[in-house]
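Asker: My questions all concern the structure below.
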Amino acid sequence: MIKIQNLSKIYDNSKRPLVAIDSINLDIDKGDIFGIVGLSGAGKSTLVRCINRIEKPSSGSIIINGVDMAELEGKALRQARYAIGMVFQNFNLFNSKTVYENVAFPLKVKGMDKNTIHQHVMDLLEKVELMDKKDVHPMRLSGGQKQRVGIARALAGNPSVLLCDEATSALDPKTTDQILTLLKRINKELGVTLIVITHEMDVVKSICNKVAILENGCIIESGETVDVFTHQSSEKTRHFINNRPIEGPHSKLAKNSSRLLLTFKGDTADRPVLAGLIQEFSLNVNIRSGSIDSIQETSVGKLIVDIPSTSNNLDEIIQYLMQHGAGVEVIS
Ligand SMILES: Nc1ncnc2c1ncn2[C@@H]1O[C@H](COP(=O)(O)OP(=O)(O)OP(=O)(O)O)[C@@H](O)[C@H]1O
């Protein structure tokens with residue numbers, strides 16, 4: 001549905017050009033909640049501005065519903081933008097307008113008649129559970145309520161894509177959870193594709209079925225969220241995600257032992273893999289630490305274990321664990 005191909009954005013700074021987005025390729029399917037995550041300066045805002053065409057990309061294409069946004073100008077661009085709803089970190093509401101008027105605004109601009117606008121706005125306010133606030137001005141709303149107005153307004157033009165730019169970064173954890181639940185419901189009920197730009201891994205874990213990690217303008221990892229969190233392929237990603245359980249203070253590794261990080265996801269978590277290993281190899285396994293997480297409703301367990309090993313049997317042990325569905329990483 002959305003195909004980003006070889007997308008680059010180079011800013012012509014006075015001293016030297018700055019490559020903010022460097023040949024990015026992304027495929028986002030209809031109905032995805034696609035997380036784009038990166039540290040400050042990674043290029044997230046630039047990517048958002050290219051997707052909604054506030055910036056013109058230096059090269060490459062952004063194909064949404066078969067139309068290359070990168071090529072459009074003028075009226076055709078304004079028309080194509082209706083396919084994209086924007087949700088902002090700082091809500092971007094009109095303080096002089098009521099909640100109702102804020103949501104109605106894009107529909108008025110579109111030239112809809114008053115009755116249709118009224119019906120549509122009331123439906124949207126019901127969807128975001130703000131009917132009781134329809135005549136209130138944004139100044140009198142909490143951050144979470146303001147973001148609900150922002151989401152209702154973004155949905156007003158019936159977009160096929162909702163671009164959420166750090167939509168929960170200004171909110172406290174409880175309100176963040178409520179807004180994420182709302183976004184997930186909207187995705188499910190309306191079939192709207194969500195692109196979620198964030199620097200918060202917890203947001204990705206909570207709602208995104210797919211994720212891409214952006215660093216220095218490049219995608220350094222992408223895929224199903226649960227896979228990216230359980231099989232990090234590069235050192236950079238591992239460092240970025242850093243989801244190892246914390247090792248205890250007295251965790252010196254004994255001589256002739258190896259320390260392994262084991263990952264169990266979904267069904268594997270129910271199997272007695274470690275018990276089987278202990279029996280099969282007559283091993284004394286020392287569990288150093290562990291954690292359990294829920295990523296996209298899949299349980300992901302992590303264990304750090306010390307295993308007495310000779311160079312001969314370590315490979316066999318790893319093979320046994322992997323054959324039984326565990327992810328294995330030798331950490332020392
Ligand atoms: N208009 C601009 N002109 C020149 N350079 C820019 C411009 N906008 C962004 N940059 C540079 O592009 C790079 C990426 O910036 P960008 O704002 O896209 O990152 P970001 O991941 O959104 O960061 P943050 O999370 O801090 O907002 C940075 O080095 C930034 O200084």
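The values are calculated or read from the model by the stated rules, or taken from the named source; none is laboratory data. Source: prediction; values computed, not measured. Every residue, glycine as well, gets a Cβ built from its backbone with ideal geometry; the counts of neighbours run over all protein chains shown. Calculation scope for accessible area: heavy atoms of the full protein, side chains included, ligands and nucleic acids excluded. Shrake-Rupley method; radii C 1.70, N 1.55, O 1.52, S 1.80 Å.
Asker: Subtracting the Cα-Cα distance from 0.36 nm times the residue separation, let me have the gained length for E129 to E101 in nm, one decimal.
Answerer: 8.5 nm is the gain from fully extending E129 to E101.
Asker: If you don't mind, another one. DSSP loop GluC sites (Glu not before Pro) in the stretch 117-189 with at most 13 other Cβ atoms within 10 Å of their Cβ, which ones? Each step should come with its number before you reach the end.
Answerer: Working: sites: E126, E129, E166, E189; in loops: E129, E166.
In loop regions of the stretch 117-189 (DSSP not H, G, I, E or B), the sparsely surrounded GluC sites (Glu not before Pro) are E129.
Asker: Contour minus end-to-end for R185 and I10, with contour as 0.36 nm per residue of separation and end-to-end as the Cα-Cα distance?
Answerer: Working: separation 175, 0.36 × 175 = 63.00 nm, distance 3.68 nm.
Residue separation times 0.36 nm, minus the Cα-Cα distance, leaves 59.3 nm.
Asker: Can you give the calculated 222 nm mean residue ellipticity of the chain, where each DSSP H run of n ≥ 4 adds -39,500 (n - 2.57) and the sum is split over every residue, rounded to the nearest 500 deg cm²/dmol?
Answerer: Values: 11 runs with 114 residues, N = 332.
So the helix-based figure for the chain works out to -10000 deg cm²/dmol.
Asker: Need one number: % antiparallel among DSSP beta bridges in the stretch 128-222, to the nearest 5. Working shown, then result.
Answerer: Numbers: 4 of 9 bridges.
Taking every DSSP beta bridge with both residues in the stretch 128-222, the antiparallel ones total about 45 percent.
Asker: By average Cβ neighbour count within 10 Å, what is the ranking of 130-143, 194-207, 5-18 from highest down?
Answerer: Details: 130-143: 14.4, 194-207: 21.4, 5-18: 12.2.
My ranking of the peptides, most packed first, is 194-207, 130-143, 5-18.
Asker: With the radius of gyration and the Kirkwood radius both derived from the Cα set of the stretch 99-163, what is their ratio Rg to Rh? Write down the numbers at each step before the final one.
Answerer: Details: Rg = 11.1 Å, Rh = 11.7 Å.
Rg divided by Rh gives 0.94.
Asker: Quick one: compute the contact order of the stretch 260-313, relative version, from alpha carbon pairs under 8 angstrom and 6+ residues apart, as a percent. Intermediate values should be presented prior to the final figure.
Answerer: On the way: 69 pairs, mean separation 24.6, N = 54.
For the stretch 260-313, the relative contact order is 46 percent.
Asker: Using only the alpha-carbon atoms of the chain, report the extent along each of the three principal axes, biggest first, to the nearest angstrom.
Answerer: 77, 50, 34
Asker: Now a separate question. Under the definition of Cα pairs under 8 Å and six or more residues apart, what whole-number percent is the relative contact order of the chain?
Answerer: On the way: 610 pairs, mean separation 59.1, N = 332.
Normalised by residue count, the contact order of the chain is 18 percent.
Asker: How big, in percent, is the set of alpha carbon pairs in the stretch 155-218 lying more than 13 Å apart? Can you show the working numbers first?
Answerer: Numbers: 1301 of 2016 pairs.
That tail contains 65 percent of the Cα-Cα pairs.
Asker: Hey, can you rank 153-165, 215-227, 276-288 by average C-beta count inside 10 Å, highest first? Walk me through the intermediate numbers first.
Answerer: Values: 153-165: 21.5, 215-227: 18.5, 276-288: 13.5.
Averaged packing, sorted descending, gives the order 153-165, 215-227, 276-288.
Asker: So which GluC sites (Glu not before Pro) in the stretch 54-117 are both in a DSSP loop and have at most 11 other Cβ atoms within 10 Å of their Cβ?
Answerer: Working: sites: E55, E71, E73, E101; in loops: E55, E73.
Within the stretch 54-117, the qualifying GluC sites (Glu not before Pro) (loop, at most 11 other Cβ atoms within 10 Å) are E73.
Asker: Points 7 angstrom from Cα along the Cβ direction at D29 and N92: gap in nanometres?
Answerer: 3.0 nm
Asker: Assuming 0.36 nm per residue, please report the length gained on full extension of the stretch S59 to V328 beyond their Cα-Cα distance.
Answerer: Numbers: separation 269, 0.36 × 269 = 96.84 nm, distance 4.03 nm.
Stretched fully, the S59-V328 segment lengthens by 92.8 nm.
Asker: Defining a contact as two alpha carbons under 8 Å apart and six or more residues distant in sequence, what relative contact order in percent does the stretch 106-223 show? Write out the running numbers ahead of the final one.
Answerer: Values: 100 pairs, mean separation 23.5, N = 118.
The value is 20 percent.
Asker: Round to a whole number: what % of the accessible area of the chain belongs to carbon and sulfur, probe 1.4 Å? Each step should come with its number before you reach the end.
Answerer: Details: 8090 of 16850 Å².
Of the solvent-accessible surface of the chain, carbon and sulfur hold 48 percent.
Asker: Would you give the gap between the C-alpha center of the stretch 272-313 and the C-alpha center of the stretch 79-120, rounded to a whole Å?
Answerer: 53 Å
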